Amino acid sequence: DTLPSPAPILRRIFPDYSSAAIQNLLREVTDYELAIESHMLVPRAAIRDFMARMHQQGKRIILVSDMYLPATHIKRLIAAAGLEAFVDGVVSSADTCHTKASGAAWPLIRERFKLDPARWLHIGDNPISDWLRPMEYGLRAAVLRDPAEMARQAIIGRG
């Protein structure tokens, strides 16, 4: 259900490296990548304020990602952005191969966090992964559409 560590792949690329050297290399590369990612993240004040209000009301906030980073790495990015106090859990398809886009993530999340779909609201930015698939699963869902982001995606040919 989970993906293997990249260490065996690195051992093939660097056969003369010791296990400790492989682990050190992996840690250095990971730290570098997450430092770059965290510098690129800009938490929007409105989203941060919304998360704070929901957290204060006792709502559980679970971040769900279909990106390539595992949950452990996403948690580090959340902490770097100053949002960790509001987040109760992180699920990444990089760990489970259960994606939002396929719909396979929803049963996994329900079981892992013991959620009642009738009380669950999923908010995201992708009309398929974050609205259609959760609606098919019986969840309430909302898609945030940012005109500036839509324009940026149109310029680079995605969206």
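With (1) part of a loop (DSSP other than H, G, I, E, B); (2) out of contact with any strand residue (DSSP E or B) (no Cβ under 9 Å at 6 or more places or on another chain) as the list, and Tyr68 as the residue in question, which single condition is left unmet?
(2)
Can you tell me which residue within region 54-73, out of those that are at pLDDT 95 or above and loosely packed, with under 11 Cβ neighbours inside 10 Å, is nearest to Trp106 (Cα to Cα)?
Filtering first and then ranking leaves Gly58.
Does Ser129 satisfy the criteria of being without any contact (Cβ under 8 Å) to a residue 60 or more places away in the chain, of a type in the set (Ser, Thr, Tyr), assigned to a helix (DSSP H, G or I) and open to solvent by less than 60 Å² (accessible area, probe 1.4 Å)? Walk me through it before giving the result.
Numbers: without any contact (Cβ under 8 Å) to a residue 60 or more places away in the chain: no; of a type in the set (Ser, Thr, Tyr): yes; assigned to a helix (DSSP H, G or I): yes; open to solvent by less than 60 Å² (accessible area, probe 1.4 Å): yes.
The answer is no for Ser129.
Out of all the residues in region 123-137, which are aliphatic (A, V, I, L, M) and in contact with a helix residue (DSSP H, G or I) (Cβ under 9 Å, 6 or more places away or on another chain)? Don't jump to the end; show me each part of the working.
Pass one, region 123-137, residues aliphatic (A, V, I, L, M): 123, 128, 132, 135.
Across region 123-137, the qualifying residue is only Ile123.
Which residues, counting only those in region 107-159, are closer than 24 Å to Ala45 by Cβ and of a type in the set (Lys, Arg)?
The answer is Arg145, Arg152.
So how many residues does region 74-112 have that are within 25 Å of Asp49 (Cβ to Cβ), open to solvent by 30 Å² or more (accessible area, probe 1.4 Å) and in a helix (DSSP H, G or I)?
6
Looking only at region 14-51, which residues are of a type in the set (A, V, I, L, M, F, W, C), part of a helix (DSSP H, G or I) and in contact (Cβ under 8 Å) with a residue 40 or more places away in the chain?
If the condition is that a residue be of a type in the set (A, V, I, L, M, F, W, C), part of a helix (DSSP H, G or I) and in contact (Cβ under 8 Å) with a residue 40 or more places away in the chain, then Leu34 is the only one that fits.
The values are calculated or read from the model by the stated rules, or taken from the named source; none is laboratory data. Bear in mind the structure is a predicted one, so any value in this text is a computation, not a measurement. For neighbour counting, all protein chains shown are included, and Cβ atoms are generated from backbone atoms with ideal geometry for every residue, glycine included. All accessible areas refer to the heavy atoms of the entire protein, side chains included, with ligands and DNA or RNA removed. Shrake-Rupley method; radii C 1.70, N 1.55, O 1.52, S 1.80 Å.
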